[in-house]
1. Once a ≥ b ≥ c are taken as the square roots of the eigenvalues of the Cα gyration tensor of segment 297-361, is the result rounded (a/c under 1.5), prolate (a/b larger than b/c) or oblate (a/b not larger than b/c)?
2. Give the ranking of Asp140, Asp191, Asp349 by solvent-accessible surface, highest area first, calculated with a 1.4 Å probe.
3. Need one number: % antiparallel among DSSP beta bridges in segment 50-264, to the nearest 5.
4. Per DSSP H run of at least 4 residues, take -39500 (n - 2.57); add these up for the chain, divide by its residues and hand me the 222 nm value, nearest 500 deg cm²/dmol.
5. How far apart, in nm, are two points set 7 Å out from the Cα along the Cα-to-Cβ line at Lys151 and at Arg6?
6. Which whole-number percent is the relative contact order of the chain (Cα, under 8 Å, 6+ apart)?
7. Could you pull the accessible area for Thr2 with a 1.4 Å probe, rounded to 10 Å²?
8. Please report, in debye to the nearest 20, how large the charge dipole of segment 45-112 is about its Cα centre when each Lys and Arg carries +1 at its beta carbon and each Asp and Glu carries -1 there.
Amino acid sequence: MTDINRFMRRELDKFVGYAACKSPEALDRETRAMGILKLDANENVYGPSPRVKAALASFDDAHIYPDSCQTELRKALAVYTGVAAEHIVAGSGSDQLIDLLIRLFVNPGDEVLTATPTFAMYKFFTELAGGKFVTVSRDDEFNLVPEKLIKAISKKTKLIFIAMPNNPTGTQISVDAVKKIIDTGVPVVVDEAYYEFTGQTLAPELDKYPNLMILRTFSKWAGLAGLRVGYGLLPVNVAEKLDAIKDPYCVNAAAVTAARESLNDVDYLMGNVKLMISERDRLFNALSSIKYLKPYPSAANFILCKVKARIALQIQVVLERRGILVRYFNSPQMENCLRFSIGRPEDTDRLIAELQKIGEM
Ligand SMILES: Cc1ncc(COP(=O)(O)O)c(C=O)c1O
């Protein structure tokens, strides 16, 4: 009998994959009956624009392949971002663009550099491509120290990833600090997944730096995480190469429709972003009042907390039994941590009430 394992790539033997969030479908019926409050994946609790829902309800193009050049979407993104369409490539979530950029730049044995803790998909796709994931640690408050990162650049460094702001810590980095890193000449990917929550972007610098690449997504501000739309603002030569190596139909027709309608309803969606930003402040204060938690300031739509003198995993399990899903971390530098996505005011109240009850246990 053929052992099919023998034919697989040996370097993937130890590849463990990405620990994705638990789907509410995986929870038992009793828990689901409580009403699931999903605060584990930094989604947008307000959901998409009503224009998206209306357009999808009458969507009639499922049998037609989408435009492989994404002409309409890229034109609309040019208006939204102020960056010409020839610099823009869309993908199935910014995750896919992270993958494609790594495939474009990284040969087996090449290095991808970042400051950890950070977004787990950078490591995932680097290792999948046979690259070496090289990291420097952030400081005690999770700030990226540019000098430390620059020191770690080697001849094999092909890409540097900087999440601005960073996930899972929420930490922001200044534009000037990022520019110091770009000035090294090494290709730098600035991941602006949470741009709409900060207004801080490197987009106006795109013409100055041939080694600057920016990634954005519709998952957070526009509430389209389930439809998977991301885009890159890139030097034209990189955009052309990505276009050549990407799956032509990588953004499906329903997703293109949803992205277009989101861009037609920016004011509405940004209203929800504003609500989440003010709720973030309220959640931060409420978490600070809980003795066993240390929240870290966040520029994104979530707050990371260190759990003191208690076991974070147990708290996550108790919350899950009560219908609240939160993200648990226990890795170097992120020992015993929980991350809470920002919800509506009533979601904050429900979460805080449960955390207080746990405090009394
Ligand atoms: C920093 C960062 N980059 C990229 C992504 C991926 O976004 P998308 O849903 O567009 O794949 C996330 C999602 O959480 C993120 O936090």
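1. Judged from the Cα gyration tensor, segment 297-361 comes out oblate (a/c at least 1.5, b/c at or above a/b).
2. Asp140, Asp349, Asp191
3. 30
4. -10500 deg cm²/dmol
5. 4.9
6. 23
7. 100
8. 320
The values are calculated or read from the model by the stated rules, or taken from the named source; none is laboratory data. On a predicted model such as this, the values are computed, not experimentally measured, just so you know. Counting neighbours? That spans all protein chains shown, and the Cβs are built from the backbone with ideal geometry, glycine included. Areas reflect the complete protein model, heavy atoms only, side chains present, ligands, DNA and RNA absent. Shrake-Rupley method; radii C 1.70, N 1.55, O 1.52, S 1.80 Å.
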